[in-house]
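The structure appears right after this line, and notes come after that.
Nothing in this text is a laboratory measurement; each read-out follows from the coordinates by a stated rule. In this text the structure is predicted, and so the values were computed from the model without any measurement. Here the Cβ positions follow ideal geometry from the backbone for every residue, glycine too, while neighbour counts run over all protein chains shown.
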Amino acid sequence: MPELFTAFFDSLKTMPLSGVILWSVLENLVILGVVLLMGDFLVRRYQQHRVTDVPDPLTWIEIGLAASCVALNALVTVAGVLLWQVGIIRVTFDANLLRVAADTLILFFVMDLAMYGFHRAAHLPWLYPLIHQTHHRFENPRPLTLFVLNPFETLGFGVLWLILLAVYPAAWLSIILYLTLNIVFGLVGHLGVEPMPGRWITQPLSRTISTSTFHAEHHLDKAHNYGFYTLIWDHLFGTLSPDYAEDFQAADEGTAVPAGGSGRAD
Ligand SMILES: [Zn+2]
Ligand SMILES: [Zn+2]
């Protein structure tokens, strides 16, 4: 492990709570900033490939919910570090490259399945208004929509993640790689434009990986596309949108949202 990381993790292991809170807030603010900057760049870059209509002007409700989400994500980070300090979460520090690759895949697929299950449960009529309706108030997503969540939903995802870390002692680099992938997929899903090339959904491997169109469809049609990183679970459980290929192609060709008109009607 590079010396800089060794020194950081060594100091984090015994860091007092105030320091852990400071680092966690800082980390989550940096993530928010990177998502908004990258998102703005990608939305401009691929504006000819809109999947959904341009969202309405930003409201204070979205800003408030996003701020609460960032604060709660920082709380989850603090909880994770504290659980690691007391030994409930264990992290592997001497992993070789093979172990790092394997752990990254394990975290990726286990969380993909866990979040699919959590998301489907969040759509049950008695749970939906309590934890998930807030996110669906915004049919035309923008990068900030990634953070526009009901606080219970943010905490739900955080708890799933902490449980997995407590059960499986993953390599530290895999944890960082997984968290980076999680942010990339979250951002792509809320762009409202499709950055992936047309051949994405015809190639054997890439066609099982989610796209902007895939999650945008879920915002327009709540009965399909509950997955986050892959299409595997939606394929398996019969919840993949029957319009996926058609909508992806329309976004790729720039015809999903006619000029001055609306996008798909669902
Ligand atoms: Zn969403
Ligand atoms: Zn949903």
(request) Would you mind calculating the gained length between PHE93 and PHE8 on full extension (0.36 nm times residue separation, minus the Cα-Cα distance), in nm to one decimal? (result) 29.3 nm
(request) Taking amide H positions as placed in the peptide plane 1.01 Å from N, state which residues far from THR92 in sequence (5 or more) or on other chains have amide H under 5 Å from it. (result) ALA170, ALA171, TRP172
(message) Please compute the contact order of the chain in relative form: average sequence separation of alpha-carbon pairs under 8 Å and at least six residues apart, divided by the residue count, as a percent.
(response) 27 percent
(message) Tell me whether the stretch 1-145 comes out rounded, prolate or oblate; compute the Cα gyration tensor, take square roots of the eigenvalues as a ≥ b ≥ c, and use a/c under 1.5 as the rounded threshold.
(response) prolate
(message) Between LEU22 and VAL54, what is 0.36 nm times their sequence separation minus the Cα-Cα distance? Round to one decimal in nm.
(response) 7.9 nm
(message) Can you tell me which of SER18, SER174, SER210 moves the most in a GNM of the chain? Springs connect C-alpha atoms under 10 Å apart.
(response) SER18
(request) For the chain, with a Gaussian network of springs between Cα atoms less than 10 Å apart, report the residue from VAL110, VAL51, VAL35 with the top mean-square fluctuation. (result) VAL110
(message) Per DSSP helix of 4 or more residues, -39500 (n - 2.57); summed, then divided by the residues of the chain. What does that give at 222 nm, rounded to the nearest 500?
(response) -19000 deg cm²/dmol
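State, as an integer percentage, the relative contact order of the stretch 1-148 based on alpha-carbon contacts under 8 Å between residues 6 or more apart. Spell out each step's value before the answer.
Details: 68 pairs, mean separation 60.5, N = 148.
Averaging sequence separation for qualifying contacts and normalising by length gives 41 percent for the stretch 1-148.
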(request) With everything on Cα atoms, drop me the angle between helix 3-13 and the longest principal axis of the chain, reported from 0 to 90° to the nearest 10. (result) 80 degrees
(request) With r as the distance between the Cβ atoms of SER68 and ALA114 and R0 = 22 Å, compute the FRET efficiency 1/(1 + (r/R0)^6) and round to 0.05. (result) 0.45
(request) Rounded to the nearest Å, what's the spacing between the alpha carbon centres of the stretch 34-110 and the stretch 124-203? Just the number, please. (result) 7 Å
(request) Calculate, for VAL34 and TRP126, the FRET efficiency according to 1/(1 + (r/R0)^6) with r their C-beta to C-beta distance and R0 25 Å; round to the nearest 0.05. (result) 0.10
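With the cut-off at 1.5 for a/c, could you classify the stretch 1-46 from its C-alpha gyration tensor as rounded, prolate or oblate?
Oblate.
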(request) Report ³J(HN,Hα) in whole Hz for each residue of the stretch 235-251, in order, from the Karplus equation J = 6.51 cos²θ - 1.76 cosθ + 1.60 where θ = phi - 60°; Gly and Pro get x. (result) 4, 5, 9, x, 10, 6, 4, x, 8, 3, 4, 5, 5, 4, 5, 5, 5
(request) Go ahead and set up a Gaussian network model of the chain, Cα springs under 10 Å, then flag whichever of ALA166, ALA216, ALA102 fluctuates most. (result) ALA102
(request) Return the long-range amide H neighbours of VAL193 (sequence gap of 5 or more, or a different chain), with a cut-off of under 5 Å between placed amide H atoms. (result) VAL51
(message) Could you give each residue of the stretch 163-173 its phi-based ³J(HN,Hα) in whole Hz, using Karplus coefficients 6.51, -1.76, 1.60 with θ = phi - 60°, and x for Gly or Pro?
(response) 4, 4, 5, 6, 7, 10, x, 7, 5, 4, 5
(message) Using the basic label-point model (7 angstrom from Cα toward the beta carbon), what is the ILE106 to GLN85 distance in nanometres?
(response) 2.6 nm
